[in-house]
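The values are calculated or read from the model by the stated rules, or taken from the named source; none is laboratory data. Fair warning: this is a prediction, and the values are worked out from it, not measured in the lab. Positions of Cβ are generated from backbone atoms using ideal geometry, with glycine treated the same way; all protein chains shown enter the neighbour counts. Note: areas computed on protein heavy atoms with side chains; ligands, DNA, RNA excluded. Shrake-Rupley method; radii C 1.70, N 1.55, O 1.52, S 1.80 Å.
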Amino acid sequence: MVREWWAGRSSHEHTRAGRRNFPRSVWFGSVARLKVLRSGPTASRRRCVFVLRNEDGSLRMLRRLVITLCLTLSGMGALAAFSLGLAPAQAATPVAVYPTPGDKYELPGTQIAFRGIPASQIGAVTVTGSKSGVHTGVVKADSDGDGGSFIPAKAFTAGETVTVKTGLAVVGGSSGTFSFKIEDPGPALAKAPVATVKAGRNGVQHFHSASGLQPAGLTVTRNTAPASDGDVFVAPQFGPVQNGPMILDPHGNLVWFDPFRVSQGTLVTDFRVQHLHGAPVLTWWQGNMNGGSGRGEDVILNNSYQQIATVHAANGLMADLHEFFLTNSGDAYITAVSPVSLPGVSRPVENAVIQEIDVTTGLVLFQWDALDHVSLNDSSKWGSGVPGHILDPYHANSISLTSNGDPVVSMRNTSTVYEIDRDTGKVVWRLGGKEPTFKMGSATVTAYQHDAVVQPNGDLTIFDDGAGPPKVHKYSRGIEVALNQSAKTATLVRQFGHSPALSANFEGGVQALAGGRMFAGWGQQPYFSEVNSRGQEIFDAHFNEVTGTYRAYRFAWSAQPKTAPSLSIGTSGAGATTPYESWNGATGVTAWRVLAGPSASQLVALGRYNKYRFESTLNPKTGDPVLQVQALNSHGQVLATSAAHSAPNHVQIFGASSFVSSGSGMAGVPVGCYSSRACHLAATVTSGRTVLARSGRQYYATGRGGDLFFRLSGSARRALARARGNRLRVRVSVSDSSGARGAASTLNLVSFHTSGRGPKRSYHQGPDLQVISGTDFVSSRGAGGILAQCQSSSPCHSTVTVTAGNRTIATSKPEWLGAHQVGYVGFSLSSAGRSLLAHARGNQLTVRVKLSGAGNPASATLALVRFS
């Protein structure tokens, strides 16, 4: 029977669908098959094996026929059909199994995975341990329908050989039978404390509205990179206070942080954006570490920051910290560490394990063990002279995939990158190390490298630590290497470093971006940076203390949390109500709207404020006790609304000056009472440590304000008279005996002189606007202000008109006065008004002022006093 095979390439991304669409084997009856073991970026790099099954079921190889058929296939771009004249029979499907046949280092809790056929076609499976006997179990299906795993009902016994008998065409087996050995497990890695750096002066960020977040402080020193490269993804791992996944905007401002206190001993690594079933997701590893190896789990969040999956290592292992590579189709490639007790070795040996896990079921889809395939002698960390309580000869730290789905694995302690045949587990090639497959070109040799990633063109990008210990290269670098599979040569495409040069003993990563740009996290060093296609540094940032991030990435990210924005209300030193708002993780907020009112059911909008950083500090100018904020997008639409919060009971000082009578030393400072009950206020005026004045206590109703009067001492008046520019800088502190929070402000004491009694004051107050001072002050240039209060729950849009007799001598432009706020409504006298004031008897000009706004206006007869 003749079968047909379509010669083509799988997509660069290794997907389950890709593996079905581009099979590696085609069967010609039941007696022969042609197997394309690997297909590289070009047809000339394909390697073929022709297999003939003998009558006894064993396989034999026809090498001459291999050459002919491979050459034929390499030249084909379309349908290939071959007739070998073999006896027709029913086709069998090759099945890859994990553990792979002949493996010697499997854990007692291992499952037996079959890949290449539906679970319903696996059939009878007989599993027998040489010590533990026959094992019963169940077969569970993989979520893609292309395999399943036999789950034994009980664990295997250390040191035994397990034999598996099936009716399948097992790759590497004999008539469906294969075996593997169970290792002698060493003691599990103990949890070690997380190293912590000291906070220092700017080592930690603090937020009023998100007091539970204390991420590491950082500084951006260079930023000409395009914002389209996306947000920055890092994960501080040495504190100072909290570790955790951390997103920064293109300017280095915090976008999102998920805190893990360093005292908990939890570490987070490999934080990035990946895609699952077409949707962007956040992924990272979390757990504890000992000696550079981790024991933990891998986490997946959606773009609302909700955890949608947790990925665990299988077969009795725990996920290691070094890699969590997720495919869109739902496979997770992870590293794990398996301590093994080897004969004649006094210390446990860490076996590096690579697993592909079905995210939906948690079943193994692929597994590879370094001890089975890489000689211990290849390691620079092997032998009696290596320090430590445990030997770590491999230290696998990254996984990527070739275009045909083979894993490419980086191992730090062999300074080698390997391609692994996913069906047999054999090493296809080695880049670097003691026995490289390729002739290593100039500057292609790495030392203790991390993050080897296959690029779409087949090149590898690698972070070359070089620093050891022991130190091999002077500085760390990022490199791109081209591999010629035919000539077996490795050529440096480009390299870049950091400015100034850095030397990282461990960790680090390189990410290829659009336009030839490269982004790097410098591992142990607290830096992350970007270079353009010419190697010029266009972005550079660093943590303010020497905390590191395992890797650093840039991705476009859009998210909106399910949580509401956070709001915290404080007061400034002068007592102004200050809302602080943030929304941890929200990316679409461009502005905030503040609402205020006497209660949560009576809120009105006060204003819109642009968002610049993670936390905004607003100045809505309101004395209303209840506030709320709304997050707005670029179209002004409301994304979410915070809970309503009450402002603390407080007093407030208004204005920047206090005017002092040169004759009596009397002065007033404008204040307001914003408390649930009436205030009894007193002021203290100081210059340095010298007290210049103390007032008696004065009563103010809640929500009301006015002048709080005090009298300067004789020595204070003399000091004011000697002050430059007739101004004395002082500190005014106001306290409330009723319990409201006090206020303090730095003001100018300004001297003025009057004589005589001045005009008779009178007031006609409006329901919203009120004049609260009988004397207002004007500079020699005619600039002045009427001290007023807005009694509305909404800001008062106020204007002032000043008349002397029948002559209007000043009008003002509209000015906002905050709800329940005291303030000056400014004006400028006309030349006639300045002349009248200059010639006024006793320096007191009788005027009529009118405050207009929403509702009925307020008016008053009062005195304008000139000061210089």
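Some observations on this one:
- Our analysis of the range 190-232 gives Rg over Rh at 1.11, with the two radii drawn from alpha carbon positions and Rh computed by the Kirkwood formula.
- For the range 235-335, the equivalent ellipsoid derived from the alpha-carbon gyration tensor has semi-axes of 21, 20, 10 Å in decreasing order.
- Sum of side-chain charges, THR799 neighbourhood, beta-carbon under 10 Å (Lys, Arg +1; Asp, Glu -1): +1
- In summary, the aspartates and glutamates within cross-link reach of LYS140, defined as a Cα separation below 17 angstrom excluding same-chain residues under 8 places away, comprise ASP331, GLU356, ASP358.
- Under 13 Å, Cβ to Cβ, from TYR700 - net charge with Lys/Arg +1 and Asp/Glu -1: +1
- Sequence-separation-based contact order of the range 692-828, relative, with Cα cut under 8 Å and 6+ spacing, percent: 18
- FRET efficiency, 1/(1 + (r/R0)^6) with R0 41 Å, evaluated for ALA155 and ASN505 via beta carbons: 0.60
- Computed over the range 737-868, the alpha-carbon pair-distance distribution with 5 angstrom bins reads 2, 11, 20, 21, 18, 14, 9, 3, 1, 0, each value a whole percent.
- Dipole size of the chain about its Cα centre, with +1 on Lys/Arg Cβ and -1 on Asp/Glu Cβ: approximately 4140 debye, rounded to the nearest 20.
- Relative contact order, percent, the range 636-759 [alpha-carbon distance under 8 Å, six or more residues apart]: 31
- Ranked order, TYR527, TYR674 - accessible area, probe 1.4 Å, largest first: TYR527, TYR674
- Here the spin labels are modelled as points 7 Å beyond Cα on the Cα-Cβ line, and at GLU435 and SER211 they lie 6.3 nm apart.
- Nearby aspartates and glutamates by direct alpha-carbon distance to LYS471 (threshold 16 angstrom, same-chain neighbours under 8 apart not counted): GLU507
- Loop trypsin sites (Lys or Arg not before Pro), the range 112-183 (other Cβ atoms within 10 Å of the site Cβ: 13 or fewer; DSSP): LYS131, LYS154
- Summarising the label geometry, the points placed 7 Å from Cα in the beta-carbon direction at ARG689 and SER601 lie 5.6 nm from one another.
- Whole-Å distance, taken between Cα centres, linking the range 785-841 and the range 313-372: 77
- Computed on the chain, with alpha-carbon pairs under 8 angstrom and 6+ residues apart, the relative contact order is 7 percent.
- Prolate is the label for the range 596-663, because a/c, from the alpha-carbon gyration tensor with a ≥ b ≥ c as root eigenvalues, is 1.5 or above and a/b exceeds b/c.
- Residue-span extension gain [SER375 to ASN328] - 0.36 nm each, minus C-alpha spacing: 13.5 nm
- The loop-placed trypsin sites (Lys or Arg not before Pro) in the range 535-625, going by DSSP, that have at most 13 neighbouring Cβ atoms within 10 Å of their Cβ come out as LYS562, ARG613.
- Sum of -39500 (n - 2.57) over DSSP H runs of 4+, divided by residues of the chain (222 nm, nearest 500): -1000 deg cm²/dmol
- From the alpha carbon centroid of the range 477-547 to that of the range 284-303 is 24 Å.
- Working from label points 7 Å from Cα in the Cα-to-Cβ sense, the ASN633 to ARG848 distance is 5.5 nm.
- The trypsin sites (Lys or Arg not before Pro) of the range 420-514 that DSSP puts in a loop, and whose beta carbon has at most 11 other beta carbons within 10 Å, are LYS474.
- Near ALA443: Cβ cut-off under 12 Å, other residues only, Lys/Arg at +1 and Asp/Glu at -1. The net charge is 0.
- Rg/Rg_ref, the chain, where Rg_ref = 2.2 N^0.38 Å and atoms are Cα: 1.33
- Ranking by accessible area, most exposed first, for VAL134, VAL374 with a 1.4 Å probe: VAL134, VAL374
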